[in-house]
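The values are calculated or read from the model by the stated rules, or taken from the named source; none is laboratory data. Since the model is a prediction, treat every value here as computed from it, not as a measurement. When we count neighbours, we look across all protein chains shown, and the Cβ atoms used for this are built from the backbone with ideal geometry, even at glycine. SASA here: full protein model, heavy atoms, side chains in, ligands and nucleic acids out. Shrake-Rupley method; radii C 1.70, N 1.55, O 1.52, S 1.80 Å.
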Amino acid sequence: MSTPPWAQQPHQPGQQQPFPAQPVPPKKNKTKTYAGAGCLGVVGVLVLGGVISAAGGKSGDSADKPAPAPSHTGNDTKTAAPHAAAKKQTPQTVTYVVTGTSGTDVQYGPAGSSAQGKVPMNATKPLGNPQYYSITAQLQGAGHVTCQLKVNGKVISQSTASGGYNLASCEISKDPFSGKWTDTNAG
């Protein structure tokens, strides 16, 4: 006698078998206790025509609903929610610093702007998303001048000039591959 074709193929998950091998017994009301590996106590779940939580609230109205299955992932400890407030991100800043001989003409700012400043100068602004930031400090005769551009307090570009009408120029831009600010004057 040969076996019918439907009986030769293995049962696939999600498919219903045409004729179960044995009848499924009706569900019985049971009391079960589960204790996880990392738990400090034992939590009991009582099933009586529905699920009753440990706090006493009924979460099901019908005995036809199955009780939720316990999770057995090997770690039954509670997972804490991410602490977004704990890791508060500080705003990034750009700082323009110019020191040296007074009377030096200073222009500074992000791409597309040109603010005027005086020596000594130390101005911190929020870091935006322009193509570059720059400082140009031009001496008006004899003297010396130094400029620095800092991102979050770290010096990225620095330049010094002396005598005559020489310039100290600092410029930084964001590297498109690494995302880090680099000294455009270097190289």
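Ignoring any ligand, DNA or RNA, what whole percent of the accessible area of region 133-173 comes from carbon and sulfur when the probe is 1.4 angstrom?
Working: 800 of 1800 Å².
Reported share for carbon and sulfur atoms: 44 percent.
Residues with beta-carbon under 15 Å from that of TYR133, excluding TYR133: net charge, scoring Lys, Arg +1 and Asp, Glu -1? Can you show the working numbers first?
On the way: positive: LYS125, LYS150, LYS154, LYS174, LYS180; negative: GLU171, ASP175, ASP183.
With Lys, Arg at +1 and Asp, Glu at -1, the net is +2.
For ASN185, enumerate residues with amide H under 5 Å from its amide H, sequence gap 5+ or separate chain, H modeled in the peptide plane.
GLU171
Can you run phi through the Karplus equation (6.51, -1.76, 1.60; θ = phi - 60°) for region 93-105 and list ³J(HN,Hα) in whole Hz, with x for Gly and Pro?
The phi angles translate into 9, 10, 10, 9, 10, 9, 10, x, 5, 5, x, 6, 6 Hz.
Which of the trypsin sites (Lys or Arg not before Pro) across region 106-164 are loop residues per DSSP, with 14 or fewer other Cβ within 10 Å? Before the final figure, lay out the partial values.
Values: sites: LYS118, LYS150, LYS154; in loops: LYS118.
Here the sparse-neighbourhood loop sites are LYS118.
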